[in-house]
Amino acid sequence: MAAVLKRRGHQVRLLAREEQLMKLRMDWDRADAELLTLATDWRPDIVGFSTMTPSMPELARLASLCRQALGPQAMLLAGGPHPTALPHRTLQECPDLDAVALGEAEMTVAELADGAAPIRTPGLVVRNDQELTATPPRPHVADVDSLGPPACELLDLKHYATPNPWMIRWLSFSATNIRTSRGCTNRCSFCAGHLVAGAGVRLHSLDYVMDQIAFATDRMNVQAVHFEDDTLAADALRLAELCERMCRAGMDKRLVWDACLRVDQATPELLRTMRRAGCIQIEFGFESGSDAGLAAIGKRATAEMNRRAVTLAREAGLRVFADIMVGLPGETAAEFRRTERFIEWARPEVLSAARLCPLPGTSVYERLSDRQRAALKWEDFAYMNPPAAACNLTAMSDRKLSSMYRSFERRLVRPLTWASMARDTSDMSLRRRLKRRLRRFALRHPLRAWRLGKLTR
Ligand code: B12
Ligand code: SF4
């Protein structure tokens, strides 16, 4: 959105709230003060908030702060998957917002910034006095290259290129993310990806992708790239061609990378080609080790296909990143145990296990009763907070599900994660950083270090 606005001659500032809070060591008051200073010094005509479900209460608070600072003239607008799913409710919960953009909004914000009246701009729900009015839907941008490269220059690139174990999970590389397509080949019942991307997959050209890779290596100087596509292998031939072009450009020697694949897309040839081009890890949305569980979420995969994908990835020399979803609709204790056995067998280098959250706009959400919907609290949609007991969709009691989930975390998720982190030999790995800190401590306080050593021996 920022890139499109800039190309049309508008001035844009980006405030990445997470980056800001990290830099301010989570001092929320200072972060708010910075936001207010930016708003009052710069006095934007439009303030846009990008939000996901857990940050909805925060959106209402920040919109109110901006309204107080900017008065009624500024247009306050929100977008993202959550407002797209529930535009009217978003406007009711955030009384300071003027409008909500639905779906992809590069062209919507561009037209608004050019001066179009909101009520005549497709892709919005607009607050009009006391009424909420939906404008006609906006079609998806067919040629995604036409939007241009992201306006990375608006971000503090050094901050993002600092080595960290989150981008290529549990390997501390300096890394950035690149998206080569929009959309997915499937529509799982818990996934909200289609709300913004729509049906099907739209691909960036390989020239565009290679330019992004060159930006990552030459301008950001990173060691690794995380391809952020829902699935990088939506078109297997194109992915093989991308790998070939990366090898020809010498990127296989300069970069390592990882990507998401669906298990049905894993073939020995494709995985080997990816490995040759510098791929080190594949993220698979296995979700469950049981056929019934996979069918319940419309995954279009089986437990056998999950096992086959693990075997093929290992044979190609790739690390396995397993996404697991616990609390699937109708899940029984026996099915949960099948998932545990699958993980015990696969022993993935990365295991991300989450409890299913009924995200607005997904078929899981649509199937909730009014009582269950009323029990939802948006802040509970973050990983750290378990969803409300009323939203337990399994065949187990909430107590049983919670205790099985806790034991799964204790027995498998944490040990596998610690083992993976301990194996990270990169320069910024947790182990090395800890050793460096201990060495520094021992140099400064030799007596205390000696005593500590005696105690821990
Ligand atoms: C990359 C990613 C992340 C990254 C970066 C997030 C980010 N800020 O972009 C990280 C890892 C941090 C992340 C975290 C989370 N994510 Co995430 N993530 C994604 C992913 C894979 C790609 C997002 C993307 O780049 N899309 C491509 C661009 C073009 O689309 P977009 O970002 O949606 O933006 C367009 C529109 O939404 C709209 N728009 C967006 N913002 C704004 C703002 C304004 C003013 C306007 C007008 C329009 C507008 O216009 C944009 C351009 O077309 C999506 C899956 C997907 N396919 O989208 C999930 C997804 C967005 N994530 C999801 C979730 C649930 C989460 C978490 C809540 C998980 C958790 N439980 O902790 C956290 C929340 C983090 C937070 N800060 O709130 C859900 C969102 C569902 C929802 N209802 O909110 C998705 C859809 C995946 C899913 N499970 O279905 N995520
Ligand atoms: S395969 Fe992955 S990205 Fe595609 S719909 Fe399912 S969960 Fe979403």
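The values are calculated or read from the model by the stated rules, or taken from the named source; none is laboratory data. In this text, all values refer to a predicted model and were calculated from it rather than measured experimentally. As a convention, Cβ positions derive from the backbone with ideal geometry for all residues, glycine included, and neighbour counts pool all protein chains shown.
Some notes on this structure:
- Any hit, segment 363-382, residues being in contact (Cβ under 8 Å) with a residue 12 or more places away in the chain, closer than 16 Å to Leu294 by Cβ, within 14 Å of ligand 1 (Cβ to nearest atom) and of a type in the set (S, T, N, Q): yes
- A residue that is near ligand 1 (Cβ under 10 Å from one of its atoms), among the small types (Gly, Ala, Ser) and surrounded by 15 or more Cβ atoms within 10 Å (Cβ to Cβ) occurs nowhere in segment 138-156.
- Between Ala31, Ala99, Ala60, Ala85, the distinction of being in contact (Cβ under 8 Å) with a residue 12 or more places away in the chain, touching a Pro at 6+ places or on another chain (Cβ under 6 Å), hydrophobic (A, V, I, L, M, F, W, C) and under 20 Å from Glu379 (Cα atoms) belongs to Ala85 only.
- Filter result for Thr108 (without any contact (Cβ under 8 Å) to a residue 60 or more places away in the chain, of a type outside the set (Lys, Arg), surrounded by 20 or more Cβ atoms within 10 Å (Cβ to Cβ) and over 26 Å from Thr362 (Cβ atoms)): no
- On the stretch given as segment 16-28, residues that are surrounded by fewer than 15 Cβ atoms within 10 Å (Cβ to Cβ), in contact with a Leu (Cβ under 9 Å, 6 or more places away or on another chain) and free of Cβ contacts under 8 Å to residues at least 24 places away in the same chain total 2.
- Some residue of segment 115-128 being surrounded by fewer than 19 Cβ atoms within 10 Å (Cβ to Cβ), away from ligand 2 (no atom under 16 Å from the Cβ) and in a helix (DSSP H, G or I): yes
- If you go through segment 252-262 and keep only what is of a type outside the set (A, V, I, L, M), closer than 14 Å to Ala277 by Cα and either in contact with a Leu (Cβ under 7 Å, 6 or more places away or on another chain) or within 16 Å of ligand 2 (Cβ to nearest atom) (or both), you end up with just Asp258.
- Single unsatisfied condition, Pro44 versus (1) away from ligand 2 (no atom under 16 Å from the Cβ); (2) under 22 Å from Glu131 (Cβ atoms): (2)
- Residues (within 14 Å of Pro360 (Cα to Cα) and either touching a strand residue (DSSP E or B) at 6+ places or on another chain (Cβ under 6 Å) or crowded, with 21+ Cβ neighbours inside 10 Å (or both)) located in segment 49-78: Thr51, Thr53, Ser55, Met56
- You will find that of Leu416, Leu412, Leu430, Leu401, the residue that is at pLDDT below 90 and away from ligand 1 (no atom under 16 Å from the Cβ) is Leu430 and no other.
- Comparison of Thr217, Thr176 shows that the only residue that is farther than 19 Å from Glu104 by Cα, of a type in the set (Val, Ile, Thr) and within 16 Å of ligand 1 (Cβ to nearest atom) is Thr176.
- Residue count, segment 260-294 (criterion: part of a loop (DSSP other than H, G, I, E, B) and either charged (D, E, K, R) or crowded, with 18+ Cβ neighbours inside 10 Å (or both)): 7
- Selection of segment 48-77 for residues being more than 8 Å from ligand 1 (Cβ to nearest atom), within 19 Å of Gly115 (Cα to Cα) and within 26 Å of the chain's Cα centre (by Cα) yields only Leu76.
- Condition broken by His204, with the remaining ones in (1) surrounded by fewer than 16 Cβ atoms within 10 Å (Cβ to Cβ); (2) closer than 30 Å to Cys188 by Cα satisfied: (1)
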